[in-house]
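All remarks here apply to the structure that follows.
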Amino acid sequence: MQVSSEKKEGIKHLLTVTVPADDVKKAYQVSFVKYAKNAKIDGFRKGHIPTNVLEQQFGSQIFADAYDALVGQTIGKAIEEAKLDVVGYPKIEVKSANFKKDEDFVYEATVEVIPVLELKPFEDLKLKKIVSELSDADVDSMIEKLRKQQGKWQVKDGAEVADETRASIDFLGRCDGVEFEGGKAENFEIIVGQTQMIPGFVEQIKGHKAGDKFTIQVKFPDEYHAENLKGKDAEFDITVNSVSEQVLPELNEDFVKLFGIKDGSLDTFKADLRKNMQRELDRATYVQNRRQLFDALKAQYGEFDVPEAFVASEVNRLAKNFENQMRMYGMKKLPDSFKPAEMFKDEAVKEARLGVIVRQIMTELDCTKPNPEYVDAQLKQISSAYEDADEVIAQLRKDKEQFANVENAAIEAEVVDKILAKACDGEEKKAFHELVGRQ
């Protein structure tokens, strides 16, 4: 077998592979035997068809199967001989196939290779490392949120619609004096400050009490989902049925026990809450630093060709994430118009480039294998959310798939740490509420 390699544009290479006639003859014979055993021709018994009849009837197919087999047998060796780091399956084009057993078989294979980048100084990124500290005020604020989650709404006679109240209303909407679909409701509940309505809708209800009837004027946003209402002026007749205020539970033993604190101790509750909040803050801080680092790397290296296989893999990953999100919102089946290759192509290319950049940096930093210290840190972080941390760690180590995920996360964390150590030029302090829940 002879192999020649020619670099083409970008990351593509063209391999020309010549398979000698002797190998063609052997492959043909294997293919011929297969057809001889299974072919069916009227007037002949299966397995007893004369050679000349079989070749006359199936000759081109016998050769085609033989050529396919030869490509499968030789392409890997050809790539190895050319010393190329190929990604994905090659695009094959037959150049010489004369359907003769005594002639060479020649084909071309267009392959894509992993790009080799010139690594750029981490110091040029000049990032501000995000740091944060959990304060007592953060813990107290979280306790208030938990109290609100457990709060009960109670109707208050004479109360006005105001921030953090809940109003039950009837409304009837009109555009140009005509009622429109979806513009009417009874006993519709609005929590002021939380329920999203048309701009100006909630603001004009504030200050009113149960029994008030009035009309408000609003304007639908230009980007409103209903085509017939975009940018239109409208009026709504409003009737306030009731106004409720939220009554929060007392911060006592009963409240604390709702969150699994068996002894009902407020100090124990705060300590447990602080531990959980610190874990969330640590994770959120890491995610934010990683995100800004990866964004900076993508900008630093700019555009370059990446293998189609990498892009396809990223499209598939992004599409699966999107489908999972839609299922969370109750959508069981995506519409036929959903075309991942079109929808995620640009983002997939960027992520594929990032993957190439990070892989090369991993090699440069000697981070291709999981560091035991980082693996232990990952296991500690995961297990800290459970009562029996040692048991959780043992289970993670036993599960090959889950432990592989832990090891990959450990490699990533080490790479991020090592780059940030050189890429950061100062710090940026952020509060708990700026980080947690905003990853």
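The values are calculated or read from the model by the stated rules, or taken from the named source; none is laboratory data. Because the structure is a prediction, the values reported are computed rather than measured. Here the Cβ is made from the backbone with ideal geometry for all residues, glycine too, and neighbour counts use every protein chain on show. All accessible areas refer to the heavy atoms of the entire protein, side chains included, with ligands and DNA or RNA removed. Shrake-Rupley method; radii C 1.70, N 1.55, O 1.52, S 1.80 Å.
Check Glu118, Glu144, Glu123, Glu112 and return the single one that is farther than 27 Å from Val349 by Cα and among the acidic types (Asp, Glu). Spell out the reasoning first.
Details: Glu118 fails: farther than 27 Å from Val349 by Cα; Glu123 fails: farther than 27 Å from Val349 by Cα; Glu112 fails: farther than 27 Å from Val349 by Cα.
After ruling out the rest, the residue left standing is Glu144.
I'd like to know if the range 431-438 contains one or more residues that are basic (Lys, Arg), open to solvent by 40 Å² or more (accessible area, probe 1.4 Å), at pLDDT 95 or above and out of contact with any helix residue (DSSP H, G or I) (no Cβ under 6 Å at 6 or more places or on another chain).
Going residue by residue through the range 431-438, those that are basic (Lys, Arg) are 438.
Remaining after also requiring open to solvent by 40 Å² or more (accessible area, probe 1.4 Å): 438.
Filter again for at pLDDT 95 or above, leaving none.
So far as the range 431-438 goes, no, none of its residues is basic (Lys, Arg), open to solvent by 40 Å² or more (accessible area, probe 1.4 Å), at pLDDT 95 or above and out of contact with any helix residue (DSSP H, G or I) (no Cβ under 6 Å at 6 or more places or on another chain).
Restricting attention to the range 4-15, and to residues there that are touching a helix residue (DSSP H, G or I) at 6+ places or on another chain (Cβ under 9 Å) and open to solvent by 40 Å² or more (accessible area, probe 1.4 Å), which single residue is farthest from Asp305 (Cα to Cα)? Write out each step before concluding.
Of the range 4-15, the ones touching a helix residue (DSSP H, G or I) at 6+ places or on another chain (Cβ under 9 Å) are 4-5, 13, 15.
Filter once more, so that each one left must be open to solvent by 40 Å² or more (accessible area, probe 1.4 Å): 4-5.
Values: Ser4: 23, Ser5: 19 Å.
The extreme case among them is Ser4.
Across the range 225-248, what is the total count of residues that are assigned to a loop (DSSP other than H, G, I, E, B) and either open to solvent by 60 Å² or more (accessible area, probe 1.4 Å) or closer than 20 Å to Glu160 by Cβ (or both)?
Summing the residues that are assigned to a loop (DSSP other than H, G, I, E, B) and either open to solvent by 60 Å² or more (accessible area, probe 1.4 Å) or closer than 20 Å to Glu160 by Cβ (or both) in the range 225-248 gives 4.
Here are some conditions: (1) at pLDDT 95 or above; (2) under 20 Å from the mean Cα position of the chain (by Cα); (3) of a type outside the set (Asp, Glu). Ala309 meets all but one. Which one does it not meet?
It fails just one condition, (1).
Among the residues of the range 207-224, write down those that are farther than 19 Å from Asn187 by Cβ and not in a strand (DSSP E or B).
Answer for the range 207-224, where residues must be farther than 19 Å from Asn187 by Cβ and not in a strand (DSSP E or B): Gly207, Phe220, Pro221, Asp222, Glu223, Tyr224.
Do you know which of the residues in the range 160-191 that are at pLDDT below 95 and outside any strand (DSSP E or B) is farthest from the chain's Cα centre (by Cα)?
Gly177
Among the residues of the range 193-247, which ones are more than 41 Å from the chain's Cα centre (by Cα) and on the phi > 0 side of the Ramachandran plot?
Gly207, Gly211
Name the single residue, out of those in the range 113-131 being in contact with a strand residue (DSSP E or B) (Cβ under 9 Å, 6 or more places away or on another chain) and open to solvent by 30 Å² or more (accessible area, probe 1.4 Å), that is nearest to Leu273 (Cα to Cα).
Val131
Take Asp272 and decide whether it is in contact (Cβ under 8 Å) with a residue 40 or more places away in the chain and open to solvent by less than 80 Å² (accessible area, probe 1.4 Å).
Numbers: in contact (Cβ under 8 Å) with a residue 40 or more places away in the chain: no; open to solvent by less than 80 Å² (accessible area, probe 1.4 Å): yes.
So Asp272 fails the test.
Out of Val86, Val139, report the one residue that is among the hydrophobic types (A, V, I, L, M, F, W, C) and either closer than 30 Å to Thr268 by Cα or over 40 Å from the mean Cα position of the chain (by Cα) (or both). Step through it out loud before you land on a result.
Working: Val86 fails: either closer than 30 Å to Thr268 by Cα or over 40 Å from the mean Cα position of the chain (by Cα) (or both).
Selected residue: Val139, the only one of Val86, Val139 that is among the hydrophobic types (A, V, I, L, M, F, W, C) and either closer than 30 Å to Thr268 by Cα or over 40 Å from the mean Cα position of the chain (by Cα) (or both).
Consider only pairs whose beta carbons are under 7 Å apart and that are at least six residues apart or on different chains; among these, list those whose first residue lies in the range 332-346 and is within 17 Å of Ser313 (Cβ to Cβ) and whose second residue is open to solvent by less than 70 Å² (accessible area, probe 1.4 Å).
Partner pairs satisfying both residue conditions: Pro340/Val315; Pro340/Ala319; Ala341/Val315; Phe344/Val315; Phe344/Leu318; Phe344/Ala319; Lys345/Val315.
Of all helices (runs of 4 or more DSSP H) completely enclosed by the range 320-388, which ones contain at least 1 residues that are β-branched (Val, Ile, Thr) and either open to solvent by less than 100 Å² (accessible area, probe 1.4 Å) or under 25 Å from Phe310 (Cβ atoms) (or both)? I'd like the intermediate steps shown before the answer.
On the way: elements: 340-343, 345-364, 372-383.
Output list reads 345-364, 372-383.
Out of (1) in a strand (DSSP E or B); (2) free of Cβ contacts under 8 Å to residues at least 24 places away in the same chain, the odd one out for Lys145 is which?
(1)
Out of everything in the range 289-309 that is out of contact with any helix residue (DSSP H, G or I) (no Cβ under 6 Å at 6 or more places or on another chain) and within 19 Å of Gly437 (Cα to Cα), what residue ends up being least open to solvent (accessible area, probe 1.4 Å)?
Asn289
Would you confirm, using the coordinates I've provided, whether Lys148 is more than 30 Å from Ile419 (Cα to Cα), open to solvent by 50 Å² or more (accessible area, probe 1.4 Å) and not β-branched (Val, Ile, Thr)? Before the answer, list the steps.
Numbers: more than 30 Å from Ile419 (Cα to Cα): yes; open to solvent by 50 Å² or more (accessible area, probe 1.4 Å): yes; not β-branched (Val, Ile, Thr): yes.
Yes; evaluated as a whole, the condition is true for this residue.
Could you identify the single residue in Glu93, Glu80 that is assigned to a helix (DSSP H, G or I), without any contact (Cβ under 8 Å) to a residue 40 or more places away in the chain and more than 33 Å from the chain's Cα centre (by Cα)? I'd like the intermediate steps shown before the answer.
On the way: Glu93 fails: assigned to a helix (DSSP H, G or I).
Every option except Glu80 fails the conditions.
Only residues that are in a helix (DSSP H, G or I), among the β-branched types (Val, Ile, Thr) and touching an Asp or Glu at 6+ places or on another chain (Cβ under 9 Å): list them for the range 13-37, please. Please lay out each step first, then the result.
Applying the first criterion (in a helix (DSSP H, G or I)) to the range 13-37 yields 21-37.
Now narrow it down to the ones that are among the β-branched types (Val, Ile, Thr): 24, 30, 33.
Across the range 13-37, the qualifying residues are Val24, Val30.
For the structure I just gave you, tell me whether Lys95 is more than 22 Å from Phe304 (Cα to Cα), of a type in the set (Lys, Arg), in contact with a Phe, Trp or Tyr (Cβ under 9 Å, 6 or more places away or on another chain) and open to solvent by 30 Å² or more (accessible area, probe 1.4 Å).
Values: more than 22 Å from Phe304 (Cα to Cα): yes; of a type in the set (Lys, Arg): yes; in contact with a Phe, Trp or Tyr (Cβ under 9 Å, 6 or more places away or on another chain): yes; open to solvent by 30 Å² or more (accessible area, probe 1.4 Å): yes.
Answer is yes for this residue.
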